[in-house]
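Input: a single structure, listed below in structure tokens.
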Amino acid sequence: LWQGFFVTAIGVGLLVWGLLIFVIVRYRRRDDTIPRQNPYNVPVEIVYTVVPILVVCVLFGFSVAAEDDATRIAPDPVARIDVIGFQWSWQFVYTDEDITITGEPGEPPEMVVPVGQPVVLRLISADVNHSFWVPDFLSKRDLIPGVDNEISITPTETGSYVGRCAEYCGLDHWRMNYTVRVVPEDEYEAWLDDQAGEGETAGGGG
């Protein structure tokens, strides 16, 4: 989306500068002849009124489509995880598997999700505003007390990704880190089996 906006901005800029240069060169004063005095030019005024409106409408349409895509919640996710932010760490609750992973300051928790499968995260704040942010996922969403907030993620590459709280939430805000480990589906199922029956797990969760 931002690339399209950037290209559009360049196009509009080139058009405006092109028209200015054309007017300066084409109608520069050569003598004392007074040019024709027209109070208005209806076709030109219609064009420079309608064209910007159309440009704004098109950009607005793309923005709405991109927002709908970014905020769409997967109807049948492979997992639902409550992401609970608190001063100053995180808790990941796999609601369908009865698995809870709780971090502590200095001991970041680890969320494990399967590659290529949709996962729904329900974002909950236990105290003040926090923000769930994994830079490699190119998205960020706030955790606000009393506000229901959900996002869907579908990681496309395996690996371990660093996550951070992106909303200043107090003295130890800088320590609110975590990791999201994206693994093949069979490895994810094996991890669930390992966690089953262990109850609440601190830190990385194995």
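The values are calculated or read from the model by the stated rules, or taken from the named source; none is laboratory data. These numbers come from a predicted model, not from an experiment. Reconstructed Cβ throughout: ideal geometry from the backbone, glycine too, with neighbour counts over all protein chains shown. These accessible areas exclude ligands, DNA and RNA; they are computed on the full protein's heavy atoms, side chains included. Shrake-Rupley method; radii C 1.70, N 1.55, O 1.52, S 1.80 Å.
So the values come out like this:
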read-out: Inter-probe distance in nm under a simple model that places probes 7 Å from Cα toward Cβ, at TYR168 and LEU192; value: 4.1
read-out: Long-range HN-HN contacts of MET111 with modeled amide H, under 5 Å; value: THR179, VAL180, ARG181
read-out: Nonlocal amide H pairs with ALA79, under 5 Å, H built at 1.01 Å; value: VAL120
read-out: Nonlocal amide H pairs with SER131, under 5 Å, H built at 1.01 Å; value: LEU143, ALA166, GLU167
read-out: 222 nm mean residue ellipticity, helices alone, for the chain (DSSP H n ≥ 4; -39,500 (n - 2.57); rounded to 500); value: -11000 deg cm²/dmol
read-out: Where a label projected 7 Å from the Cα of VAL16 along Cα→Cβ would reach, residues of the range 23-54 with amide N under 19 Å; value: 23-25, 45-54
read-out: Extension gain from ARG26 to ALA65, taking 0.36 nm per residue of separation minus the Cα-Cα distance; value: 9.8 nm
read-out: Residues of the range 153-172 with amide N under 18 Å of the 7 Å Cα→Cβ point at GLU97; value: 153-161
read-out: Rel. contact order, % - alpha carbon contacts under 8 angstrom, at least six apart, the range 1-153; value: 17
read-out: The range 1-38: chymotrypsin sites (Phe, Trp or Tyr not before Pro) in DSSP loop, at most 16 other beta carbons within 10 Å; value: TYR27
read-out: Solvent-accessible heavy-atom area per residue, rounded to whole Å², over the chain at 1.4 Å; value: 64
read-out: Where GluC sites (Glu not before Pro) in DSSP loops with at most 16 other Cβ within 10 Å are excluded, longest remaining stretch of the chain; value: 1-96
read-out: Cα-based helix-to-principal-axis angle, 42-71 vs the chain, degrees rounded to 10; value: 10
read-out: Whole-angstrom gap from the range 34-64 to the range 91-113, using each part's C-alpha centre; value: 55
read-out: The range 8-65 - percent of accessible surface contributed by carbon and sulfur, probe 1.4 Å; value: 74
read-out: The range 75-153 - percent of accessible surface contributed by carbon and sulfur, probe 1.4 Å; value: 48
read-out: Counting DSSP beta bridges with both ends in the chain, the antiparallel % (nearest 5); value: 65
read-out: In the range 33-103, the chymotrypsin sites (Phe, Trp or Tyr not before Pro) that fall in loop regions by DSSP, at most 14 other Cβ within 10 Å; value: TYR40
